[in-house]
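Worksheet: one structure, shown below.
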Amino acid sequence: MAKEVSPGVLALRKVVEDVYADARVAKKEGKLVGWSSSKFPCELAEAFGLNVMYPENQAAGIAANRDGEIMCKAAEELGYDNDICGYARISLAYAAGKRASRKFDPETLEYVINPASGRPLKDADGKVVIDPETGKPKKDPKTMQPYTVLDDIYEIEALPETTEKEIAYKNFRREAIKPYRQMRMPQPDFVLCCNNICNCMTKWYENIARMCNVPLIMIDIPYNNTVEVHDSNVAYVRGQFDLAIKQLEELTGKKFDEEKFNEACKNANRTASAWLRVCDYLQYKPAPYSGFDLFNHMADVVTARGRVQAAEAFELLEKDLAEAVKVGKTTTPFPEKYRVMFEGIPCWPKLPNLFKPLKEHGVNVTAVVYAPAFGFVYNNMDEMVRAYYKAPNSVCIEQGVSWREGICKDNKVDGVLVHYNRSCKPWSGYMAEMQRRFTEDLGIPCAGFDGDQADPRNFNEAQYETRVQGLVEAMEANAENKEG
Amino acid sequence: MSIYTLGIDIGSTASKCIMLEDGKEIVAKSLIDVGAGTSGPQRAIDQVLQEAGKKREDMAFILATGYGRNSLEEFADDQMSELSCHGKGAGFLFPQVRTVIDIGGQDVKVMRVENGVMTNFQMNDKCAAGTGRFLDVMARVLEVDVQDLGTLGAQSTKYVGISSTCTVFAESEVISQLSMGTDKCDIINGIHQSVASRVAGLAHRIGVQDQVVMTGGVAQNTGVVNALQEALGREIHTSPLTQYNGALGAALFAYQKYQKAHKG
């Protein structure tokens, strides 16, 4: 039976679809399109009516579509070290023109199907059909996919178009590029980078700008080693906002539209408020949805928080959740026995593997750090600067611990599952100390596992399962100890 | 009538079984030097049943643990992680235990134990440095038996630093030391200190509290135990049953689960 999807979730999906679809149309019409880091002040681009897309969101989508490895390898072949963030590697490979594509026969122009792909064929009763010859389940031909190969859009565009055969081949090769939206994001005409989200961004975007020969608009937000943001820091970033506006004016040939800017700020604030209220629904016991859903909804906060449609979609989701709580419905497909905070970005290529032992043990993710990280509301430009100063990797450990312990308490978690993300050293680096503090301050067990947000080569299922099981057993023991 | 429970620990390099009577007395034990994915688990089970003169049907509850715990789905009544089982086993052998350090074939675990139950833990990352496999690799390069490492390391007279970052790098360091004519005993001592330094780092993350108990096959290596004692500045307790500790914990949990199921 197909999973029921609420109107709010459908609306949120459409908002993100539209961001990419609008950008594709704009590119076709010869308008400027840009790539932006996730926590660049989108309000500035909105003031110029620019179409902007988000490589982090794109990389997560590519990884979740199982093409992270081929793109990471492509970046490594270009000379980027495999120690660099997986999102950056995917994005850099993409910027260089590399694409995950479907293998086809150049003579017949037919896709070459991978026999290992596809789901098991089921009969009318929903039972798996076994092949009498092999004794193994038969594959449903409808779900079988061609092999994935690496292609290059610049190579494709350089192909000759003199004969009919050449034209057909070239067109087929264009069409063979994987059809999902993240693999069909237009190349950038400018890039917007704000390194509040991580420092790797700076070089990542410099490289894109150089590869694609496009302007880079950079906002540098230094690591903040105090909980408060000092006035001098605000002045430093405010100056850069002013410069970015000037650069955008030069780029677009338009004057900064204050009215549009104010509208974008209003929308961003409205989106952030609705986002926070949606996040708060995880406080219910049992929660009407899971933190994994929240990871998906993150795409909207990242790609469209300045659009009114994002605010409206979150408000719609809020209504759905209120109703779900009222009737006792949840999207979590198992009874909630334990509640944990999932720390870090998920391993997108391994989401089913990540979910499997959690489901087996009745563990629901009811807290993720993204709620405070993206739920910022401001009233003027200086407050906006302060808001953009605070991202998971730009705040000091005291602030980081306080954010997380606040959510752990509010969302009533029994334990913490920490992803030591090979792609994100700044984030993973301080987790050992954070884990120690969570246990000391909150009296809850924590388990860490190795993984990667985009590169499946850095995740080991057996190791992960043992750690989840260990965490469950420790949460059980903890509960029994508390009961006496 | 006595209640017999069986704990089976299928590790990555060895299969161990412990049979308990009434959750207290060890009736039989077995150890086969190959682990998950081999004939080891079955042989270990056959051996322990034979030694006790019992059959599968005589077992009130069987609990599997270790890396290969899921492979015994049909034979065992339940499975638990080796983390809890090592905590439980150590708590049985040393009732005052608060910290358990287990160096297994392919992982290192440090567990906090409260009232004999594991309440928190830290494990190594994916790197094999500091694990039992690390010592196997080094013993092979040094052309000595892994069981003799403790005795040989004790004869060391000079400090030789060996990296604890990576097994492959450490191996090349050992080869380079050998080619320079460094005494094998000094190299072995350096290897033990390298393992200890890595494990101590992990232990400090969770906070080391007395009593500290070391379990797993590597606890039989006195060189590693001594180096770890020095690195942690604390006494480390070990048991002759160290290699069976996970299986012992599994057998104890099996008894507990049987009791719980038959209470009401």
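Observations on the structure shown:
- The amide H of B:F121, built 1.01 Å from its N in the peptide plane, has A:C446, B:R112 as neighbours under 5 Å, considering only residues 5 or more places off or on other chains.
- 222 nm mean residue ellipticity, helices alone, for chain B (DSSP H n ≥ 4; -39,500 (n - 2.57); rounded to 500): -13000 deg cm²/dmol
- Principal semi-axes of the equivalent ellipsoid, √(5λ) from the alpha carbon gyration tensor of segment B:144-196, are 16, 13, 10 Å from largest down.
- Shielding by other protein chains, B:103-109, mean Cβ within 10 Å: 1
- For the residues of A:462-469, the average number of beta carbons from a partner chain within 10 Å of their own beta carbon is 5.
- Of B:D46, B:D186, B:D125, the one that fluctuates the most in a GNM where chain B has Cα springs shorter than 10 Å: B:D125
- Computed over segment A:101-185: relative contact order in percent, which uses C-alpha pairs under 8 Å that are six or more apart: 31
- Per residue convex hull volume, Cα atoms of the protein assembly as shown, in Å³: 212
- Here is the P(r) of segment A:181-235: all C-alpha pair distances, binned every 5 Å from 0, give 4, 17, 21, 19, 16, 9, 7, 6, 1 in whole percents.
- Once backbone amide H atoms are built at 1.01 Å from N, B:Y4 has B:D22, B:A60 as its partners under 5 Å, excluding neighbours fewer than 5 places away on the same chain.
- Considering only beta bridges that DSSP places wholly inside chain B, some 65 percent are antiparallel.
- Projecting the Cα atoms of B:H237, B:V110, B:L135 onto the charge dipole of segment B:95-238, computed from C-beta unit charges around the Cα centre, puts B:V110 farthest toward the positive end.
- Values of log10 I(q)/I(0), in the order q = 0.15, 0.17 Å⁻¹, for segment B:95-238 under a Debye, Cα-only, solvent-free model: -0.67, -0.85
- Residue-by-residue Karplus 3J(HN,Hα) for segment B:7-24, coefficients 6.51, -1.76, 1.60, Hz, glycine and proline x: x, 10, 10, 9, x, 7, 10, 8, 10, 10, 10, 9, 10, 10, 10, 6, x, 9
- Cα-based equivalent ellipsoid, segment B:73-140: semi-axes from gyration tensor eigenvalues, Å: 23, 17, 11
- Restricting the calculation to Cα atoms, segment A:291-483 shows an Rg/Rh of 0.96 when the hydrodynamic-style radius is the Kirkwood one.
- Contact order, relative form, for chain B: 24 percent (alpha carbon pairs under 8 Å, 6 or more residues apart, mean separation divided by residue count).
- Charge dipole (debye, nearest 20) of the protein assembly as shown; +1 at Cβ of Lys and Arg, -1 at Cβ of Asp and Glu: 940
- Pair A:V377, A:E110: separation of 7 Å Cα→Cβ label points (nm): 6.0
- 21 Å tail of the calculated P(r), segment A:352-447, as % of Cα pairs: 40
- In order along segment B:97-102, the phi-based Karplus estimate (6.51 cos²θ - 1.76 cosθ + 1.60, θ = phi - 60°) of 3J(HN,Hα) comes to 4, 10, 10, 10, 10, 10 Hz; Gly and Pro are listed as x.
- Computed [θ] at 222 nm, deg cm²/dmol, chain A (DSSP H ≥ 4; -39,500 (n - 2.57); rounded to nearest 500): -16000 deg cm²/dmol
- Computed extension length for A:T226-A:S117: 34.1 nm, one decimal, from 0.36 nm per residue of separation with the Cα-Cα distance subtracted.
- Within segment A:291-483: Cβ-based charge dipole about Cα centre, in debye rounded to nearest 20 (Lys, Arg +1; Asp, Glu -1): 260
- As a calculated quantity, the FRET efficiency between A:Q283 and B:D210 at R0 = 45 Å, using C-beta atoms, amounts to about 0.70.
- C-alpha long axis of helix B:132-142 to longest principal axis of chain B, angle in °: 40
- Percent of beta bridges antiparallel (DSSP, segment B:95-238, rounded to nearest 5): 65
- Normalised contact order of chain A, rounded percent, pairs of Cα under 8 Å and 6 or more residues apart: 19
- Ranking B:L202, B:C185, A:P146 by Cα position along the charge dipole of the protein assembly as shown, where only Lys, Arg, Asp and Glu carry charges on their C-beta atoms, puts A:P146 farthest toward the positive end.
- Calculated FRET efficiency for the pair A:E398/A:Y154, C-beta based, R₀ 45 Å, to 0.05: 0.40
- Dipole magnitude for segment B:95-238: computed about the Cα centre from +1 point charges on Lys and Arg Cβ and -1 point charges on Asp and Glu Cβ, it is near 360 debye.
- Shown for segment B:212-264 is the translational diffusion coefficient from the Stokes-Einstein equation, using the Kirkwood radius over Cα pairs, a temperature of 20 °C and a viscosity of 1.002 mPa s: 169 µm²/s.
- Principal-axis analysis of the Cα atoms of chain B puts helix B:167-179 at an angle of about 40° to the longest axis.
- In this calculation the C-beta distance from B:R234 to B:S2 is compared with R0 = 35 Å, giving a FRET efficiency of 0.35.
- Of the trypsin sites (Lys or Arg not before Pro) in segment A:103-199, those whose Cβ has at most 13 other Cβ within 10 Å and which sit in DSSP loop: A:K127
- Taking every residue in B:121-127 and counting other chain Cβ atoms within 10 Å of its Cβ, the average works out to 6.
- DSSP finds beta bridges in the protein assembly as shown, and of those with both partners inside it, around 50 percent are antiparallel.
- With only the Cα atoms considered, chain B has a convex hull volume of 120 Å³ per residue.
- What the phi angles of segment A:13-22 give under the Karplus curve with 6.51, -1.76 and 1.60, with θ = phi - 60°, is a coupling list of 4, 5, 4, 5, 3, 5, 4, 6, 4, 4 Hz, glycine and proline written as x.
Read the figures in this text as sums done on the coordinates, not as results from a lab. Please read all numbers here as calculations on a predicted model, not as lab measurements. Cβ coordinates were reconstructed from backbone atoms using ideal geometry, including for glycine residues, and neighbour counts include every protein chain displayed.
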